[in-house]
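Asker: After the structure tokens below, expect a handful of questions from me.
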Amino acid sequence: MSKSWTPEELSAASAAMKAAGHMSYKEFCTEMDKAPVKLVLNYIGRDSWDRPVYECDGRLFVDVDPRKGRSPDICTKQGNAFDGEPCDPIPDWTVVEFIPQRDVW
């Protein structure tokens, strides 16, 4: 279970990141709000639950609700395994492109 950061802890970590030449937390959040992230998903097959599996830059993703007429619900695959369980959902602001197209039921 993770612990929420206090404002003081977040401020100290942000200052340390800035001092090391990285963006501060506030700068990072500002950059994330500027432009959507694009994820190009290449179809590679269906897993043991018949869910479409995609690959992008060596990372595996799964559409956990591939029903026609529904929006994609994309998650990473646990352990980056083809038959791994769905793990982390992609951020809401992510733009997804399916190659050659989205596989739906």
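The values are calculated or read from the model by the stated rules, or taken from the named source; none is laboratory data. In this text, all values refer to a predicted model and were calculated from it rather than measured experimentally. Counting neighbours? That spans all protein chains shown, and the Cβs are built from the backbone with ideal geometry, glycine included. The accessibility values were calculated without ligands, DNA or RNA, using every heavy atom of the protein model including side chains. Shrake-Rupley method; radii C 1.70, N 1.55, O 1.52, S 1.80 Å.
Asker: Quick one: helix 7-19 against the long Cα principal axis of the chain, what's the angle to the nearest 10°, folded into 0 to 90?
Answerer: So the helix axis and the longest Cα principal axis differ by about 90 degrees.
Asker: Full-extension gain between VAL64 and MET17, please, as 0.36 nm times their residue separation minus the C-alpha to C-alpha distance. Please list the in-between numbers first.
Answerer: Details: separation 47, 0.36 × 47 = 16.92 nm, distance 3.53 nm.
Residue separation times 0.36 nm, minus the Cα-Cα distance, leaves 13.4 nm.
Asker: When the label point is put 7 Å from the Cα of ASP57 along its Cα-to-beta-carbon vector, which residues of the range 77-105 have a backbone N closer than 17 Å?
Answerer: Residues passing the 17 Å test: 77, 80, 88-99.
Asker: Of the accessible area of the chain, with the probe set at 1.4 angstrom, what percent is carbon plus sulfur?
Answerer: On the way: 4160 of 7310 Å².
About 57 percent, which is the carbon plus sulfur part of the accessible surface.
Asker: Against the longest alpha carbon principal axis of the chain, how many degrees, from 0 to 90 and to the nearest 10, is the axis of helix 25-34 turned?
Answerer: For 25-34 against the chain, the angle is about 40 degrees.
Asker: If you project the alpha carbons of the chain onto their three principal axes, what span does each projection cover, largest first, in Å?
Answerer: Principal-axis extents of the chain (Cα, largest first): 48, 31, 25 Å.
Asker: Could you report the chain's accessible area per residue, 1.4 Å probe, as an integer in Å²? List each step's numbers first, then the result.
Answerer: Numbers: 7310 Å² over 105 residues.
In whole numbers, the chain has 70 Å² accessible per residue.
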